[in-house]
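Here is the structure we will look at, set down as structure tokens.
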Amino acid sequence: MNKSVDLEYLCPHCLVSNSYSHAENEQQNTEIKVRCSSCFSQFEIIVAEGINGKRNAVVSD
């Protein structure tokens, strides 16, 4: 069974909090196209390894 990690990030357009479920075996440092749940703007996030092995979502407008 694949575990997943829920990542939270802010939309760069309307600043609403969004989330993305990232599977632990999914490749990191790859651009993922997402859409804001509020304003529906499309942008990219990159899942990167953070401090103490935690994952971070880096938002790219």
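The values are calculated or read from the model by the stated rules, or taken from the named source; none is laboratory data. Note that the structure is predicted; figures quoted are calculated from it, not measured. No Cβ is skipped: glycine too gets one built from the backbone with ideal geometry, and neighbour counts run over all protein chains shown. Only protein heavy atoms, including side chains, enter the accessible area calculation; ligands, DNA and RNA are left aside. Shrake-Rupley method; radii C 1.70, N 1.55, O 1.52, S 1.80 Å.
Couple of notes before you dig in:
- Subset of region 24-41 that is closer than 20 Å to residue 3 by Cβ and not in a strand (DSSP E or B) - its residue that is farthest from the chain's Cα centre (by Cα): 25
- Set side by side, the residues 21, 38, 4 differ, and just one is in contact (Cβ under 8 Å) with a residue 24 or more places away in the chain and of a type outside the set (Val, Ile, Thr), which is 38.
Residues checked against (1) open to solvent by less than 60 Å² (accessible area, probe 1.4 Å); (2) modelled with pLDDT under 95:
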site	(1), (2)
5	yes, yes
14	yes, no
19	no, yes
27	no, yes
31	no, yes
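- Matching residues, region 42-58, being over 19 Å from residue 4 (Cβ atoms), open to solvent by 30 Å² or more (accessible area, probe 1.4 Å) and either in a strand (DSSP E or B) or in contact with a Cys (Cβ under 9 Å, 6 or more places away or on another chain) (or both): 42, 44
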